[in-house]
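Everything below concerns the one structure shown next.
The values are calculated or read from the model by the stated rules, or taken from the named source; none is laboratory data. These figures come from a predicted structure and were not determined experimentally. Please note: Cβ atoms are built from the backbone with ideal geometry, for glycine as well, and neighbour counts cover all protein chains shown.
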Amino acid sequence: MHHAISYQLAQARLADLRQDAQRGTTARAACRPRPRRPGHAGAARPTLDRRVRRKPSPRTVLAIASLSGAIAFIDATIVNIAFPDIAHSFPGTPISALSWVLNAYNIVFAAFLMAAAGLADVLGRRRVFIFGLALFTAGSLLCAIAPSADALIAFRVIQALGAACLVPSALALVLNAFPPARRSHAVALLSAVSAAAAGLGPSLGGLLVAAANWRLVFLVNVPIGVAAVLLARRQLAESRAPGRRRVPDLPGTLLFAAAIGTLVLGVVKGQDWGWGSPRIVGCLTAALGLGAAVIWRCRRHRWPILDLSLLKIRTFSVANAMTVIGAAGFFGYTLANVLFLTSVWRYSVLQAGLALTIGPAVAVAVAVPTSRLAQRLGPRPVLVVGGLVWGGAVLWFVERVGVTPDFVGQWLPGMILLGIGAGTLFPNLSGAAVASVPGGSFATATGMNSVARQIGAALGVAVVVAIIGTPTPATAYAVFHDAWTFGAICLFVAGLGCLFVGHVKVGEVPAPGEEARGDAAGGDAARAVLENRREPTMANTVTAAEHTEDKAPLAHRAGKREAAV
């Protein structure tokens, strides 16, 4: 009798173990010793071990996310240096039409980021990440073989859709992988890699165009994308947002894309059509109307593409506004630098690309120590200083760079200053924005910051194209000074605007969805770190933090146990 009961208990435990493994529970549960009879539980254990996916290390997740995010962001600027070669390949296409090779990517990227972030929370961040990476790789291959300018623009839209799926899911995977004290630092590093990739675009593009032609600029993404897909499938673990499944507002996404597109069209064509012409007035009016429709849908729709409630948090709204302005200055002066070197200083594409290399390298080197400084002092002073240094660097080009080429005396000092400012402001601005959000879906919150950056990129490129136009040799030098002045003003405003960023404990970024599963005390503790929401005493803040730690969600504690194993 006792033997029969023991046998039944062993069989029941074995069934539970198999069910746990099929549901993707922890490896420790599968490896726990169980009483078993020879030939039964012992024979089944190897099959169970193979079904359990090991949790990847945070560094592995960060490396895969950085590699994939880099190829997405680099395509936002790498085409700038290849633009003259693209125009040479399609001589019958006017420059105003070819400019959509640049603008289509930024607009679609910005518009679909939020919908893709919502899908990542519902379907799984790993799944959406791999899908976006595969779609981006396929779009790159199609761009490399595009037979016409219209086909190239269409394939750039496919690229942008893949990047929109890739970026927010990558950032959410990184947040989920790192412990609370290191999440903001990980976000800053990922943002620094993305910013450096965007800055390296012209340099790498110059090398590739010089080696072959503009098609190699897109073709180089294919082997990198394939390798990243294979690594992601083997190394990454799935994660989802808790709670009820939500389908994002896809019609609202299309309205958002149309609003940005009509606004950019009005800015780009302002000089050609005339700023007071009916077509320009119609574009700007349509952009305002479509923008109002987007806001209306966000207020009424059950699952809107933009979470307007997050904008009530002062630090989050200010950080995103300054991201738009800073990105407009950054992408604007990047395009101006490329065109100035190739048209005024008569540099070759390769020389122009190499002349732009030092800035991104300095930005990567500066990002790490400044992110640590922001954790000690708070983000506000670091952001303000970074914006002022960055704006002063662009002002250097206005005051010191002349018609006669002088790389060492004029160009190199300006590029070093640009790198210091970019590495100080942009990564820490993203980190402050993410750290200020108290809870819910962090894929959506981080996606909003990426949307802000891409909107700024589209507007910055559009304004610089409108400023430069089609200059004559007599007016070229003056119009580039105007373009640099625009960039300097944007960056000065971004730096000074960061004075309104509240004090955020950037070292304690919650994991994606962690607060949604936690209790009310967890949400209160996260909200208490924002000075712009309330002014807690030190004792209250410590008490709330300790209470949150004591009542950590079950999934978060299980993640700690997996890491220990």
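Among Ser140, Ser96, which is the only one that is surrounded by fewer than 21 Cβ atoms within 10 Å (Cβ to Cβ), touching a residue at least 12 places away in the same chain (Cβ under 8 Å) and in the same structural domain as Ala227 (by TED's automatic domain parsing)?
After applying the criteria, what remains is Ser96.
Residues in region 212-270 that are farther than 27 Å from Ile153 by Cβ, polar (S, T, N, Q) and either in a helix (DSSP H, G or I) or not assigned by TED's automatic domain parsing to the domain that holds Gly118 (or both): Gln235 only. One residue stands out in region 474-502 among those that are assigned to a helix (DSSP H, G or I) and of a type in the set (Ser, Thr, Tyr): the one that is nearest to Ala457 (Cα to Cα), namely Thr485.
Return yes or no: is Gly139 in contact with a Lys or Arg (Cβ under 9 Å, 6 or more places away or on another chain) and within 21 Å of Leu254 (Cα to Cα)? Show your work before the answer.
Numbers: in contact with a Lys or Arg (Cβ under 9 Å, 6 or more places away or on another chain): yes; within 21 Å of Leu254 (Cα to Cα): yes.
Yes.
All told, Val209 meets the bar of being part of a helix (DSSP H, G or I), in contact (Cβ under 8 Å) with a residue 24 or more places away in the chain and farther than 20 Å from Ala457 by Cα. Within region 396-409, restricting attention to residues that are touching a residue at least 12 places away in the same chain (Cβ under 8 Å) and part of a helix (DSSP H, G or I), the residue that is nearest to Val382 (Cα to Cα) is Trp396. Among the residues of region 462-474, is there at least one that is within 24 Å of Pro248 (Cβ to Cβ) and either at pLDDT 90 or above or surrounded by fewer than 19 Cβ atoms within 10 Å (Cβ to Cβ) (or both)? So far as region 462-474 goes, no, none of its residues is within 24 Å of Pro248 (Cβ to Cβ) and either at pLDDT 90 or above or surrounded by fewer than 19 Cβ atoms within 10 Å (Cβ to Cβ) (or both). Among residues of region 286-309 being of a type in the set (Val, Ile, Thr) and in contact with a Gly (Cβ under 9 Å, 6 or more places away or on another chain), the one that is surrounded by the most Cβ atoms within 10 Å (Cβ to Cβ) is Ile305.
For region 422-441, does any single residue satisfy the condition of being among the hydroxyl-bearing types (Ser, Thr, Tyr), touching an Asp or Glu at 6+ places or on another chain (Cβ under 9 Å) and buried (at least 24 other Cβ atoms within 10 Å of the Cβ)?
yes
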